[in-house]
Structures are given as structure tokens and as C-alpha cells.
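Colleague: One structure is given below, represented as C-alpha cells, and several questions about it will come after.
The values are calculated or read from the model by the stated rules, or taken from the named source; none is laboratory data. Treat the numbers as computed from the prediction; the structure is a model and nothing was measured. Quick reminder, even Gly has a Cβ in these numbers, built from the backbone with ideal geometry, and neighbours come from all protein chains shown. What goes into the accessible areas is simple: the full protein's heavy atoms, side chains included, and nothing from ligands, DNA or RNA. Shrake-Rupley method; radii C 1.70, N 1.55, O 1.52, S 1.80 Å.
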Amino acid sequence: MAEFPEKLDKTGEMEMLAQAFSAFSEASAKLEQQYAIIEEEAKKLREEVEDKNLQLSKLSSLLESVLNNSNSCVLALDSAGNILVKNPNAESLLSEIGIEAFAAMLAGHREPGIFDQEADGRTFRISVGRLENLEQKGYVYIIDDVSHIKHLEAERQRDEKLVLMGEMAANIAHEIRNPLGSIELFASLLERDLKGDESGTKLTRSIVKGVRTINSIISNILLFTKEIKLEPQNRFTADIIDDVVLYLQHLMKEKSIRFINRIDEEHTVRCDTELCKQVVMNIVHNAIEAVGEGGQIVIESFSEADRSGFTVTDNGSGITESMRKKLFIPFQTTKAKGTGLGLAIVYKIMKAHGGQISVDSDGATYTKFIVEFPA
């Protein structure tokens with residue numbers, strides 16, 4: 001009987017242990033459930049992170065591809081002017097014009113907008129935007145070479161002027177030509193009546209000569225204004241050049257001009273023969289007048305897949321930039337004598353052929369005309 005309380009105490013302890021074990025088991029089960037939930041959430045987060053990283057990687061690859069394959073020069077600068085990002089085209093332009101010229105080109109553009117800037121003999125269109133984020137502040141530049149567009153705009157404006165001036169010149173020419181015929185007729189009759197009077201005859205001959213000079217100018221004006229009709233054919237460039245040079249040879253000899261012919265005998269151009277000769281005639285004649293005694297004129301031909309033609313280079317006094325811009329507009333000339341129609345007619349002939357004529361000069365020591373016909 002004395003051992004009963006001791007057994008009772010052991011039974012209570014066992015019950016307490018059983019309850020504690022049961023509570024522990026429940027807590028463990030709940031913890032496992034919570035852990036499973038957390039693990040599931042962690043798995044979802046990992047998948048989301050992986051998906052986001054994949055999207056970022058694709059976006060980064062896309063942006064890199066856009067930058068690398070853009071035809072424009074794209075670059076970003078910080079506020080101090082240091083380059084943060086540049087695409088291959090920007091890298092190429094940077095190496096072409098040099099770091100100093102490149103920096104000078106961008107220095108004046110620090111406000112958002114679109115600007116045209118001359119550099120390295122070309123025209124660049126610069127689009128400026130601000131770069132603003134938590135880490136960097138600066139500028140984003142998109143740069144395009146629009147020299148060709150500017151050239152086309154200048155050609156369009158020149159063509160518009162040529163049309164207006166052509167209409168005006170044609171009207172004036174017709175009005176002048178009518179009385180000229182009468183003046184020449186009366187002067188011829190007067191010359192006949194004054195036969196034997198040397199001084200009178202000399203004056204009437206001067207009148208007739210002057211009338212014919214005016215008539216020649218009017219003929220050029222009408223040639224400039226009328227529609228050009230072509231009869232194109234393939235011709236050896238050398239044949240055309242040789243015919244013209246032979247005609248102008250006496251003028252070269254008078255000034256002791258050294259003529260250098262570098263025409264390839266195999267090169268050809270597709271053109272209207274007589275009109276092409278007139279192009280060569282006007283350009284070479286201008287070169288003869290431009291050079292001094294003992295000057296030099298060089299003619300070279302070229303033939304490529306999409307174009308063929310020739311160049312005429314002289315070592316005269318050159319043509320200034322301001323004059324080059326209006327060189328092919330009629331009645332623009334630097335000569336003491338002349339109408340300024342020669343190169344305007346040349347320009348019109350080349351346009352009719354679908355070709356082009358351009359000029360290069362330093363304004364002091366040389367002038368080079370480039371005549372191009374479509375192949």
C-alpha cells in the first residue's frame with residue numbers, strides 16, 4: 001500500500017510526456033506544412049526571377065542589336081562630356097573626323113532638339129535628348145549624315161529657279177530676236193549703199209557683227225530653255241574628247257597650255273553624242289580661260305558598275321565656295337565677258353541624261369569638274 005502514490009506519480013508523468021509528444025507532433029506537422037508553403041513560394045519566386053532575368057537578357061540583346069545595326073550614330077555622354085555608350089557607327093564616325101572635331105560638333109548642342117551641323121565637309125543632323133536616371137545624368141545623341149539630302153534639296157531649289165528663269169529668258173529672247181533681224185537687214189543694206197566709204201562700211205560691219213553676237217547669245221538662251229531630246233548611244237569616251245580637244249587645240253597653243261589626256265581607250269559612255277560634245281566643249285573652254293600662260297589641264301575617264309564619265313581638272317585660280325553653290329544657275333559668271341549660260345546648259349544636258357555634274361575646288365589653285373553618266 002505504501003507504493004501506490006509512487007505509481008500514480010509515474011502514470012501522471014507518462015500522461016504529461018504523451019501530451020507533450022502529441023503537441024510536438026502537431027507543431028512539427030504544422031511546421032512541415034508551413035515549410036512546404038514557403039518552399040512552394042520560394043520556387044515560384046525563383047521561377048519569376050529566372051523569367052525576369054530571361055526577359056532582361058532578351059531585352060538587353062534586342063537593345064544591343066538595335067544599337068549595333070542602327071544606320072544612325074548613337075551615343076550617350078555624361079554631364080562632363082565623357083562617352084558612356086556608343087554604337088559601331090558612332091565609333092566609325094569618331095575615328096573618321098577625329099575626337100577634337102567630334103567634340104566640337106557636339107559642344108554647342110546641350111538642349112533637346114534637332115540641329116544641322118557642318119563638319120568635315122559634310123552636313124550632320126543631330127537629335128539631342130536628355131539622359132536622366134538615378135545613376136547618370138547627361139545627353140543622348142542620334143547623328144545622321146544628311147549631306148546627300150542637302151544636296152538633293154539644293155538641286156531641287158536650283159531646278160525650280162532654272163524653270164522660272166528659263167521661262168523669263170525665253171520670253172525676253174523672242175522679244176529681242178524679232179527686231180534683231182530687221183537691224184541686221186538694214187545694216188547690210190546700209191553697208192551696200194556705203195560701198196567705197198571705208199569708215200562707213202567698217203561701222204556697218206561692226207553693227208552686223210554685234211547683231212550676230214547678240215543672236216548667238218539668244219540662241220544659247222533658247223537652247224537652255226527648250227526641252228532637250230536625246231538620241232543616246234554607246235560611244236567611246238576617247239572619241240568624244242578627241243573631237244572637242246582638236247577643235248580647241250589652237251586656244252591651248254595660244255596660252256602654251258599643257259594638256260594631259262588620261263582617257264582609257266576602252267571606257268564608254270551612253271549619251272547623245274552632239275550634246276555630250278557640247279558638255280566637254282563648255283567645260284574645257286572654261287578651263288582654258290581659267291588657267292594662266294603655261295597652265296595645265298588634265299582629262300581622265302572612269303568606268304564603274306553603275307556610272308561612267310570623265311573629269312576635267314585645271315590648275316587655275318579655283319572657284320570660291322560661295323560661287324560653287326550657284327555655279328550652274330544661268331547668268332552667274334566670274335568672267336568679264338560671258339552670259340553665264342554655258343554651265344547652266346551643261347547642267348541641263350546632264351539632267352536630261354539622268355547623270356550629274358559636280359565641281360571640286362579649293363578656291364585658289366585648282367578646279368575639278370566631275371561628269372557622270374548612268375552606266
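Colleague: State the answer as a single residue: which of SER199, GLN278, GLN55 lies farthest towards the positive end of the charge dipole of the chain, with beta carbon charges of +1 for Lys and Arg and -1 for Asp and Glu, about the Cα centre.
Modeller: Towards the positive end, the residue furthest out is SER199.
Colleague: If ligands, DNA and RNA are left out, what is the accessible area of ASP243 with a 1.4 Å probe, given in Å² to the nearest 10?
Modeller: Its accessible surface works out to 70 Å², give or take rounding.
Colleague: Amide H to amide H, which residues 5 or more places from LEU131 or on other chains are under 5 Å from it, using H placed in the peptide plane?
Modeller: GLY138, TYR139, VAL140
Colleague: Give me the aspartates and glutamates in straight-line cross-link reach of LYS150: C-alpha distance below 16 Å, same-chain residues under 8 apart excluded.
Modeller: Within the straight-line cut-off, LYS150 pairs with ASP116, GLU118, ASP120, ASP159, GLU160, GLU321.
Colleague: In addition: What range in the chain is the longest one free of GluC sites (Glu not before Pro) that are in a loop by DSSP and have at most 13 other Cβ atoms within 10 angstrom?
Modeller: 4-134
Colleague: Rounded to the nearest 5, what % of DSSP beta bridges with both residues in the range 163-298 are antiparallel?
Modeller: Within the range 163-298, antiparallel bridges account for around 60 percent of the total.
Colleague: I've got another one for you. Are there DSSP H segments in the chain that both extend 24 Å or more along their axis (alpha-carbon positions) and score a mean Kyte-Doolittle hydropathy of at least 0.0? List them, or say none.
Modeller: Span-like helices, by this rule, are 198-225, 237-254, 273-290.
Colleague: While we're here: Name the chymotrypsin sites (Phe, Trp or Tyr not before Pro) in the range 259-317 that are in a loop by DSSP and that have at most 12 other C-beta atoms within 10 Å, would you?
Modeller: Answer by residue number: there is no such site.
Colleague: In straight Cα distance, which lysines are under 27 Å from LYS43, not counting same-chain residues fewer than 8 positions off?
Modeller: LYS30, LYS52, LYS58
Colleague: For the range 278-318, take every pair of Cα atoms, bin their distances at 5 Å starting from 0, and report each bin as a whole percent.
Modeller: 6, 21, 29, 19, 14, 7, 4, 1
Colleague: Can you count the Lys pairs in the range 214-331 with C-alpha separation below 26 Å, eight or more apart or on different chains?
Modeller: Pairs that pass both the separation and distance tests number 9.
Colleague: Ratio to report: Rg/Rh of the range 80-208, with Cα atoms as the point set and Rh obtained by the Kirkwood method; give two decimals. Mind showing how you got there, number by number?
Modeller: Working: Rg = 31.7 Å, Rh = 20.7 Å.
Ratio value, two decimals: 1.53.
Colleague: Between TYR347, GLN19, PHE102, whose Cα lies farthest towards the positive end of the dipole of the chain when Lys and Arg beta carbons carry +1 and Asp and Glu beta carbons carry -1, centred on the Cα centre?
Modeller: TYR347
Colleague: 7 Å from Cα along Cα→Cβ at both SER317 and THR365: what's the point-to-point distance in nm?
Modeller: Reported label-point gap for SER317 and THR365 is 1.8 nm.
Colleague: What does the charge count around ILE38 come to, taking other residues whose C-beta lies under 14 Å from its C-beta (Lys +1, Arg +1, Asp -1, Glu -1)?
Modeller: On the way: positive: LYS30, LYS43, LYS44, ARG46; negative: GLU32, GLU39, GLU40, GLU41.
Surrounding charge for ILE38 is 0.
Colleague: Where does the charge balance sit around ASN234 when Lys and Arg score +1, Asp and Glu -1, over other residues with C-beta under 13 Å from its C-beta?
Modeller: -2
Colleague: In whole Hz, with x marking every Gly and Pro, tabulate ³J(HN,Hα) for the range 319-326 from phi via Karplus 6.51 cos²θ - 1.76 cosθ + 1.60, θ = phi - 60°.
Modeller: Residue by residue, the range 319-326 yields 10, 5, 4, 5, 6, 4, 5, 10 Hz.
Colleague: Same structure again: Can you say what percent of the DSSP beta bridges in the chain, counting only those with both residues inside, are antiparallel? Round to 5.
Modeller: 90 percent
Colleague: Another question, then. For the range 143-188, what's the radius of gyration and Dmax over Cα atoms, in angstrom?
Modeller: Every Cα atom of the range 143-188 included, Rg and Dmax give 19.9, 68 Å.
Colleague: Using the beta-carbon distance between LEU59 and ARG110 and R0 = 45 Å, what value does 1/(1 + (r/R0)^6) give for FRET efficiency, to the nearest 0.05?
Modeller: Working from the Cβ atoms, E equals 0.95.
Colleague: How large is the helix-only mean residue ellipticity at 222 nm for the chain, computed as the sum of -39500 (n - 2.57) over DSSP H runs with n ≥ 4, divided by its residue count, in deg cm²/dmol to the nearest 500?
Modeller: Calculated at 222 nm, the ellipticity per residue is -20000 deg cm²/dmol.
Colleague: Still on this structure: Return the distance in nm (one decimal) between the two label points of a simple spin-label model at ASN68 and GLU304, each offset 7 Å from Cα along Cα→Cβ.
Modeller: 2.9 nm
Colleague: Please list, in chain and number order, the residues 5+ apart from GLN296 or on another chain whose amide H is under 5 Å from its amide H, with Hs placed from the backbone.
Modeller: Amide H to amide H, under 5 Å and 5 or more residues apart or across chains, GLN296 pairs with ARG258, ASN315.
Colleague: Something else about it: Please report the net charge: other residues with Cβ closer than 14 Å to the Cβ of SER127, K and R +1, D and E -1.
Modeller: Value of the local net charge: -1.
Colleague: Which entry is the computed volume of the Cα convex hull per residue in Å³ for this structure: (1) 164; (2) 260; (3) 180?
Modeller: Matching the structure shown: (2).
Colleague: In percent, what relative contact order does the chain have, based on Cα pairs under 8 Å that are 6 or more apart in sequence?
Modeller: Numbers: 480 pairs, mean separation 35.7, N = 375.
Averaging sequence separation for qualifying contacts and normalising by length gives 10 percent for the chain.
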